[in-house]
Amino acid sequence: MNYIASETRYQDMPYRRVGRSGLKLPAISLGLWHNFGENRAYETSRSMVLSAFDAGITHFDLANNYGPPPGAAESTFGRVLAKDLKSYRDEIIVSSKAGWEMWPGPYGEWGSRKYLMASLDQSLQRMGLDYVDIFYSHRPDPETPLEETMSALDAMVRQGKALYVGISSYSAEQTKEASRILKALGTPCLIHQPSYSMFDRWIEDGLCDVLAEEGVGSIAFCPLAQGLLTSRYLNGVPADSRAAASDNPFLTVDKVELRIAQVKALNHIAQSRGQTLAQMALAWALLKVTSVIIGASQVAQIQENILAVQNLAFDAAELQAIELILKE
């Protein structure tokens with residue numbers, strides 16, 4: 001059956017301007033990090049992408065190493081684009097990145113021009129695209145000159161392979177310098193993608209100020225702290241949860257147990273706002289960033305998270321109560 005997008009897809013989602021650019025992103029974007037590779041049935045991945053688009057999520061965030069295995073998420077998304085979303089391409093923002101290891105040898109990771117240019121070509125091939133809307137340097141390279149990495153991003157735009165460029169996980173100082181170099185080249189830095197959540201607030205120590213000064217937008221990954229800021233762990237660590245998996249370095253049982261009391265207290269505030277904990281956590285993060293990237297393993301999670309946009313405002317008492325909990 002041919003897919004036809006919902007006629008009401010733009011009815012409820014807010015779209016926010018990215019820095020001082022002309023581009024707008026949905027308040028909530030969909031990331032294809034963990035659950036769009038060979039670990040999920042294709043139809044499950046397809047349903048999540050199409051459900052997101054039907055709900056007004058126009059931005060799909062990928063990277064060359066997303067899967068598993070690396071590259072698989074882009075291949076999956078490429079199938080959905082070709083089969084279902086081809087006629088909607090101009091309504092969609094596709095982003096990808098490179099910086100982490102993708103192939104053996106000295107040219108398969110980090111920030112050299114050789115690696116970045118080859119990575120983008122491979123990503124375009126996997127997705128069946130002529131260009132991506134945003135391409136990121138996925139992480140700063142301590143050995144490659146920043147001028148080389150930024151000039152590669154500039155070249156991508158000039159070659160028509162990317163419309164905009166961004167950086168991810170750069171410090172405030174690195175971001176300021178990257179922005180300066182890109183401005184001088186004539187390709188401004190559109191956006192920065194940092195980790196950010198109630199439990200990971202490093203961007204508030206200087207980076208937010210730099211982004212405001214430079215006119216650069218921001219989009220947070222892991223705004224739900226790997227699922228910790230959801231109802232999943234309110235009563236401990238379920239046996240089938242991500243934290244219980246022995247191969248997950250990002251969220252462990254110890255990390256969950258350290259935060260359980262805070263999670264329960266935050267959930268109480270969320271309930272008083274008529275939201276789930278996840279919805280409140282997303283709304284809170286959107287006070288500081290342009291958009292948040294959600295992950296999902298099923299359509300129901302996307303549908304729940306999208307409802308965060310129905311209540312994005314916080315009063316002073318709520319913010320103070322949240323701060324007290326987070327300082328405990």
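The values are calculated or read from the model by the stated rules, or taken from the named source; none is laboratory data. Here the structure is a predicted model, which is why all the values come from computation and not from measurement. Ideal geometry is used to build each Cβ from the backbone, glycine not excepted, and the neighbour counts take in all protein chains shown. With ligands, DNA and RNA removed, areas are computed over all heavy atoms of the protein, side chains included. Shrake-Rupley method; radii C 1.70, N 1.55, O 1.52, S 1.80 Å.
At-a-glance table
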read-out: Gain upon complete extension [Glu257, Leu163; 0.36 nm per residue less C-alpha separation]; value: 29.5 nm
read-out: Interchain or long-range residues, amide H under 5 Å from Ser218's placed H; value: Gly19, His192, Thr290, Ser291
read-out: Stretchable slack from Glu328 to Tyr10, in nm (0.36 nm times residue separation minus alpha-carbon distance); value: 110.5 nm
read-out: Gln298-Lys183 pseudo-label distance in nm [points 7 Å out on the Cα-to-Cβ vector]; value: 4.8 nm
read-out: Relative contact order computed over the stretch 176-324 (Cα-Cα under 8 Å; 6+ residues apart), in percent; value: 23 percent
read-out: Percentage relative contact order, the stretch 1-123, counting C-alpha pairs under 8 Å, at least six apart; value: 23 percent
read-out: Spacing of the two label points (7 Å from each Cα toward its C-beta) at Gln320 and Glu173, in nm; value: 3.7 nm
read-out: Dipole in debye (nearest 20) - the stretch 78-124, about Cα centre, beta carbon charges: Lys, Arg +1; Asp, Glu -1; value: 100 debye
read-out: Charge context of Gly186, other residues only, Cβ under 13 angstrom, K/R +1, D/E -1; value: +2
read-out: Helix 253-272 vs. the chain, principal-axis angle (Cα, 0 to 90°, nearest 10); value: 70 degrees
read-out: Simple spin-label estimate for Gln271 and Tyr42 in nanometres, 7 Å along Cα-Cβ; value: 4.4 nm
read-out: Solvent exposure, largest accessible area first (probe 1.4 Å, DNA, RNA and ligands not counted), of Lys86, Lys161, Lys288; value: Lys86, Lys288, Lys161
read-out: Cross-link pairs Lys24/Lys114; Lys255/Lys327; Lys264/Lys288; Lys86/Lys114 - those with Cα-Cα distance over 21 Å; value: Lys24/Lys114; Lys264/Lys288; Lys86/Lys114
read-out: Computed over the chain: relative contact order in percent, which uses C-alpha pairs under 8 Å that are six or more apart; value: 17 percent
read-out: Exposure of His268 as accessible area (Å², to 10), given a probe of 1.4 Å and all protein chains; value: 130 Å²
